[in-house]
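First the structure, in the form of structure tokens, and then the observations on it.
The values are calculated or read from the model by the stated rules, or taken from the named source; none is laboratory data. From a predicted model like this one, the values you see are computed outputs, not experimental measurements. All Cβ positions, even for glycine, are placed from backbone atoms using ideal geometry, and neighbour counts span all protein chains on display.
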Ligand SMILES: NC(=O)c1ccc[n+]([C@@H]2O[C@H](COP(=O)([O-])OP(=O)(O)OC[C@H]3O[C@@H](n4cnc5c(N)ncnc54)[C@H](OP(=O)(O)O)[C@@H]3O)[C@@H](O)[C@H]2O)c1
């Protein structure tokens, strides 16, 4: 065999065994992206060039005992671009930790031309995330596109189907398809990491999957949406209204242009559904959650709650009960003295109530490029080290069907704000309906500064009244409020906020 022939064969074998493209070989080894094409065209490299390339191939093969973990990243937005930057910047530190280099070898986004502050010179570009997920030049696929279906789902499935590990930060995808994806991963032996999908930078998934041994979780609750926490905190600290706080959150990039998903409580519900599955070993049920957002919270609510020793937080709460699993997301009065009340601004927190370790509070940044990318990276490192855990904590075949406990069976204290018509007998009628429903009132507050403007349709003046109940059944409160409304002594819809003595 001639020199040039054996050289050509060595190059082709080198490319084929690594699943590389000729362009990548050209860039990484030859320093000329078109090198292999020229070679195939019959152009013969000079003998010095051949020697240089054979040496580079040999050096590469020698280092191959520690071949890099090759990562493909689909989605180069807030989280994806930050992840690539961290891997490129902290390469040496990562290699030291892992004993192996991590290399981003492929990327994908919609726009090729956008400057993302990353070095894409030695990285394959893909327009199609599914093609990237299946490409032989990566060992691990990272999905940071977002969305519960569409390209994110297609690409994650494509990678898992060929047994390729996947890391994602996509809570919507996990909430909707988590069980199906966990099954697929188990069937093909692929790992599936989604630490960043719940509470951004807080390592709650790892804690649940690996950190608690056999501890039995009785309850999980937390603040899982930074936008809502930012709005409620500012309303409390600065006495300003919901709309103004939301506008600021949008200006600062904490809230989306369409904030419904956040302020309506649905984002929290997705995260809660994932946590509940890991805590209680049940299937993920994002649609079977009682959800109330924070849009009806007024300054009066925040103020009177504060005067009574409470803060208002949007909590996601899941607990096991005799009737099934109670999953709910709603604004909640929490005592100012509780740990969760101290979690303010854009921070998130998750509390796990367990039999062995009592209460465990994990708090930290719940979103943002660096915290979220850091959680993605922690999954990548775990997978690179060979850590194997069923995606949902237990094999998916052992997940129990989700049985939703009826919300109306909920028992606790209630904050009720209503606008009573300023007519004789109104207060007596309200108190009597509460008494008849077996509801014991802890306080009745009526102050001029708590006024929420809500005049009756018939023009009668109203007074804002706040009632605080002792622990009672939700059904009793709802029934009493329905009767009070039908008596015609109130205007508008009463505000009802649950109280949790945490
Ligand atoms: N941001 C956070 O703080 C945070 C926190 C926790 C979890 N997450 C989750 O992390 C994921 C990414 O969030 P993000 O904030 O980084 O989103 P983002 O800034 O909107 O970035 C999305 C990226 O996906 C790319 N993309 C969209 N459609 C695509 C398609 N069809 N093909 C290829 N690429 C496509 C976009 O390309 P272009 O750039 O070209 O438009 C963009 O680079 C989401 O699942 C999100 O829920 C985010």
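Within the range 362-378, one or more residues are in contact with a strand residue (DSSP E or B) (Cβ under 7 Å, 6 or more places away or on another chain), crowded, with 20+ Cβ neighbours inside 10 Å and at pLDDT 95 or above. Among the residues examined, residue 152 does not qualify as touching a helix residue (DSSP H, G or I) at 6+ places or on another chain (Cβ under 7 Å), modelled with pLDDT of 95 or more and away from the ligand (no atom under 11 Å from the Cβ).
The set of residues in the range 228-270 being in a loop (DSSP other than H, G, I, E, B) and either over 17 Å from residue 312 (Cα atoms) or not assigned by TED's automatic domain parsing to the domain that holds residue 347 (or both) consists of 252, 253, 254, 255, 256, 257, 258, 259. For the range 110-149, residues that are in contact with a strand residue (DSSP E or B) (Cβ under 6 Å, 6 or more places away or on another chain), without any contact (Cβ under 8 Å) to a residue 40 or more places away in the chain and near the ligand (Cβ under 9 Å from one of its atoms) total 0.
Residue count for the range 184-194 under the criterion of being in a helix (DSSP H, G or I) and surrounded by fewer than 19 Cβ atoms within 10 Å (Cβ to Cβ): the result is 3. Using the structure shown, decide if residue 107 is more than 11 Å from the ligand (Cβ to nearest atom), under 17 Å from residue 168 (Cα atoms) and touching a strand residue (DSSP E or B) at 6+ places or on another chain (Cβ under 9 Å). No, not satisfied. When the range 73-89 is limited to residues that are more than 13 Å from the ligand (Cβ to nearest atom) and farther than 21 Å from residue 386 by Cα, the one that is surrounded by the most Cβ atoms within 10 Å (Cβ to Cβ) turns out to be 86. Of the strands (runs of 3 or more DSSP E) entirely within the range 93-178, those holding at least 3 residues that are surrounded by 15 or more Cβ atoms within 10 Å (Cβ to Cβ) occupy 102-108, 140-143, 166-168. Tallying residues that are assigned to a helix (DSSP H, G or I) and in contact with a helix residue (DSSP H, G or I) (Cβ under 8 Å, 6 or more places away or on another chain) within the range 29-39 yields 6. Of the set (1) touching a helix residue (DSSP H, G or I) at 6+ places or on another chain (Cβ under 7 Å); (2) not assigned by TED's automatic domain parsing to the domain that holds residue 458, all apply to residue 387 but (1). The residues in the range 364-389 that are within 16 Å of the ligand (Cβ to nearest atom) and either in a strand (DSSP E or B) or over 20 Å from residue 196 (Cβ atoms) (or both) can be counted, and the count is 2.
Whether a residue is in contact with a strand residue (DSSP E or B) (Cβ under 7 Å, 6 or more places away or on another chain), without any contact (Cβ under 8 Å) to a residue 60 or more places away in the chain and surrounded by fewer than 18 Cβ atoms within 10 Å (Cβ to Cβ) was assessed, and residue 460 passes this test.
Determine whether residue 399 is crowded, with 20+ Cβ neighbours inside 10 Å, under 30 Å from residue 186 (Cα atoms), in contact (Cβ under 8 Å) with a residue 12 or more places away in the chain and not assigned by TED's automatic domain parsing to the domain that holds residue 322. Considered against the rule, which asks whether it is crowded, with 20+ Cβ neighbours inside 10 Å, under 30 Å from residue 186 (Cα atoms), in contact (Cβ under 8 Å) with a residue 12 or more places away in the chain and not assigned by TED's automatic domain parsing to the domain that holds residue 322, residue 399 comes out as yes. Within the range 206-220, can one find any residue that is part of a loop (DSSP other than H, G, I, E, B), in contact (Cβ under 8 Å) with a residue 40 or more places away in the chain, in contact with a helix residue (DSSP H, G or I) (Cβ under 8 Å, 6 or more places away or on another chain) and over 17 Å from residue 271 (Cβ atoms)? No; the residues of the range 206-220 include none that is part of a loop (DSSP other than H, G, I, E, B), in contact (Cβ under 8 Å) with a residue 40 or more places away in the chain, in contact with a helix residue (DSSP H, G or I) (Cβ under 8 Å, 6 or more places away or on another chain) and over 17 Å from residue 271 (Cβ atoms). In the range 40-49, of all residues being in a loop (DSSP other than H, G, I, E, B) and free of Cβ contacts under 8 Å to residues at least 12 places away in the same chain, the one that is nearest to the chain's Cα centre (by Cα) corresponds to 41.
Residue-by-condition table, conditions (1) more than 37 Å from the chain's Cα centre (by Cα); (2) at pLDDT below 90; (3) in the same structural domain as residue 302 (by TED's automatic domain parsing):
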{"residue": "439", "(1), (2), (3)": "yes, no, no"}
{"residue": "453", "(1), (2), (3)": "no, yes, no"}
{"residue": "479", "(1), (2), (3)": "no, no, no"}
{"residue": "484", "(1), (2), (3)": "yes, no, no"}
{"residue": "492", "(1), (2), (3)": "no, yes, no"}
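Here the condition is being touching a residue at least 40 places away in the same chain (Cβ under 8 Å), out of contact with any helix residue (DSSP H, G or I) (no Cβ under 7 Å at 6 or more places or on another chain) and outside any loop (DSSP other than H, G, I, E, B); of 312, 340, 302, it holds for 340 alone.
Restricting attention to the range 11-22 and to residues that are in a helix (DSSP H, G or I) and surrounded by 15 or more Cβ atoms within 10 Å (Cβ to Cβ), the residue that is modelled with the lowest pLDDT turns out to be 18.
Among the residues in the range 394-409, are any closer than 26 Å to residue 298 by Cβ and not in a strand (DSSP E or B)? So far as the range 394-409 goes, yes, one or more of its residues are closer than 26 Å to residue 298 by Cβ and not in a strand (DSSP E or B).
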